[in-house]
1. Give a residue-ordered list of calculated ³J(HN,Hα) values for region A:203-208 (Karplus: 6.51 cos²θ - 1.76 cosθ + 1.60, θ = phi - 60°; whole Hz; x for Gly, Pro).
2. Between A:D230 and A:V271, what's the calculated FRET efficiency when r is the beta-carbon distance and R0 is 25 Å? Round to 0.05.
3. Using only the Cα atoms of region A:275-402, what are the Rg and Dmax in Å?
4. Report the convex hull volume per residue for chain B, counting only C-alpha atoms, in Å³.
5. When only Cα pairs under 8 Å and 6 or more residues apart are kept, what is the percent relative contact order across chain A?
6. Given the -39500 (n - 2.57) contribution per DSSP H run of 4+ residues, what per-residue ellipticity at 222 nm results for chain B, rounded to the nearest 500 deg cm²/dmol?
7. Under 5 Å between amide hydrogens, which residues at least 5 positions from A:K85 or on another chain qualify, with H placed 1.01 Å from N in the peptide plane?
8. In region B:205-301, how does Rg compare with the Kirkwood Rh, expressed as the Rg/Rh ratio over alpha carbon atoms?
Amino acid sequence: MAPRTHLTALLLATALALSACSAGGSDTPSAGSRTLVVDTSFDLKTADPGRMYEATGLFIGKAVYDTLLTFDGGDVTKPVPALAKSYELSDDGKVLTLKLRSGARFSDGSPLTADDVVFSLTRLRDLKGNPSFLLDGVKVAKTDDSTITLTSKTPNPALPYILPNPVLGILNSKVAKAHGATTDAKDKAEQYLNSASAGSGPYIIESFNVSNQVVLRANKKYYGDKPAYDKVVIRNVEAATQKLNVQRGDSQIALNLSGDQARNTPAGLQVKRTASANVIFLFATRNKAVSKTTANPKFAEAVRKGVDYKGLLELAGEGSVQAPGIIPSQLLGALPPEQAPKRDVAGAKAALAASGLTDPKVELEYPSELTVNGLSLQPLAERVQANLKEVGITVALKPTPLTTAADNYRNGKEEMGLWYWGPDHPDPSGYLVFLPGKPVGLRLGWKAGADKELEAMGDKAATALGDDARKQAFADLQTRLNDSGPYVPLIQPGQNIVTAASVTGLAYHPVWTVDLADLGVK
Amino acid sequence: MRSRPLLRFLIRRGLVALLLAWGVTLVTFVLTNLVPGDPAAANLGQRAIDDPAAVAQWRAEHGLDKPLPQQYLVFLEGLLHGDLGTSQQSHRPVSEDLAEFVPATLELAGAAIVISLVLGVAFGLIAALRRDRLADHVLRMVSLIGVSVPTFWLALLAFYVFFYRLQLTPGSGRVDPGLGAPPPLTGLHTLDAALAGRWDIFSSALGHLIMPALVLSLYTIGLLTRFTRSAVLEVLGQDYVRAGRAKGLPGRVILFRYVLRSALVPIITVAGLAFGSLLSGTVLVEAIFAWQGVGQYAFKSATALDLPAIMGVGLVVSGVYLAINLLVDVLYGVIDPRVRLR
């Protein structure tokens, strides 16, 4: 019958036309046009350096805002000059003097001055944004047009390690003020800074969208070496899709592949495998009102000895390492790997017997949808549950949506928790928050005065001067935390970055992941 | 005079839709505020513990210190002025965010609807006319797969096969990153590119659209195929069709004027219903194809406890739903005059 034949023909024609159209769009590799496409799983909130605190934000911030000091590639042990050509810490560790380089200018062409530096750092400190604490109690002053001093009440040897953080990026104060920037909590510049950039970095923001995509353009007025890519598109893409995209040449960098996903990467792609600086840890609350069981220090010891760290490493896949202590292995003061906790089932049982608890049952809460470097916490929690079962501890798993879990964690309601900590700046002093009376300690109901000896060690570590003394102080502190603290450091999952063969110069950085300006084209 | 009943019918349906829209605001508001978890803590992070004053200030700034009924009234008042509040994550007015993301989702869902209607009705017709023959079996199998396979899995599979293996379709996003989006007029990339005469962007946007739209439409295609088939079969057995055939009317006339028109009412019902599943499907399809639509925005808002944004998305989605239902009702009236009189 005629109508049927027509219909079939029409359908066939449509299908063919559709597939032809789609094929047209596929063959557009970006290698020649100097566009770099980076796929990553967004945890982006803002592009305002004074407020950002998330990995994706810092990654973008690093490209857009220059800081006084920076790090060379992935080496975080020594801050090097950026906007400041030199720095000097006074003998008492309280005054940091920085000399500004000349010739630096913002993306609108205006010169970067000492006043911009004072404004930006003061704004960060007084804005009451998430990263404000980094400059708590630090006075910022200009001595002359090219000299800045940062004065702290107590010795602050961590300051040179804090300064490279993109949240301390220098803003064009005139532009920022014109759009509502102030140096107090009334600041209204965020909306502007989310649509345009007011920095002196190698890139400027062309478009910014917290859920989907950020586009950067090379800053034509950049005073330093011109970046290799004219345009960088940073897309929010699922990890599974990231892998296919980079394999197909649709993107050049996939930032968030898990160890499993990065395995069997075809020839022609490069894989950068390093341990990330994120430490996944267990904790047992010390708050008796929350749990009488876990508040018993012997219980924490039983958990620490009961966990099978090697098994967890196998789960975590390539690139991951066991966390020797709460401070990740890359940082000054990290414990050597041989001092990391080891599994000792008999010891764990002995500790449990000594605790006086019989058949303890506890609840382990963790964020169900959170992944750390592509690694979900779920399988880790299951493995811990199985490990502790052998010791005689019954663990009930309580996977909870991130925001609810974070609420419970922050408000100290979790009996046992499985979380991670990434460094705010690559200096061990950031880990003092784990001590009694400090923010993380308090989440566990570990109040000031709970362990005076440990707190004294913390004070000593905070004020020690000179690399050797600091290294020793932080190592001692962690040894003690590993012996008697409420934390069980587990692993540092691997950071697996897959890039196209054409991308050169990639180095993993614990704070900003990758410096886009370092990348070249082969 | 003939339009009167239709007009009255439209007004009545419109009023009902308005009432429903108000109900939606109430239900969404209550539900979003029932979620355990503190938006202030979610947004302030570490500061929420260190600085209770900051929490109080944040709550005051966002009007969360007022009692719930009052918050609802403030929200309603803003809504009447077209103000949906400010998103706590993007720090932009929610209406601006939605204006950016909704067209992307409409483009995707719209393409999926067109594909499902064309293919679903066509497949159903062919299956009915070739009842119990090979084409019928094949099409029924296709529709069964469409209805039963989860959309997110299909999306992953399609991405893997057509993008990665066969290299037929482009990858993530709405348009090739090297080209960039066309000048925004409607927010629909294909339309904007065509209007601007940028045919390179148009073909890239269309290429990016096809696979997610097809994946999204598969469920609806399956559903429509099955319903069209049974509706057409039922009509084919009616006396008036046999009478028409006996009178020697051409097959084309019987098919399109008699059969299809009568079968349209159940088909439209199903199409309207299927639209709901299509909307929920976009969240997953958008995630897998990195489509910059309202689905990803909704997901991000929900995980960040961004109440104004969640409310905004809820309203838009239910608004679209209501509009579709209204359209379905009106179409009934147009196709079947008896409906107007009810």
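1. With the stated coefficients, region A:203-208 comes to 10, 10, 7, 8, 8, 9 Hz.
2. 0.45
3. For region A:275-402, the Cα radius of gyration and maximum Cα-Cα distance read 14.7, 41 Å.
4. Cα-based convex hull of chain B, divided per residue, equals 192 Å³.
5. Answer for chain A is 19 percent.
6. Mean residue ellipticity at 222 nm (helix-derived): -24500 deg cm²/dmol.
7. So A:K85 has HN proximity to A:K99, A:L100, A:R101.
8. 1.20
The values are calculated or read from the model by the stated rules, or taken from the named source; none is laboratory data. Values in this document were obtained by computation on a predicted structure and should not be read as measured data. Every residue, glycine among them, receives a Cβ derived from its backbone with ideal geometry; neighbour counts consider all protein chains shown. Keep in mind that these areas ignore ligands, DNA and RNA; they rest on the heavy atoms of the full protein, side chains included. Shrake-Rupley method; radii C 1.70, N 1.55, O 1.52, S 1.80 Å.
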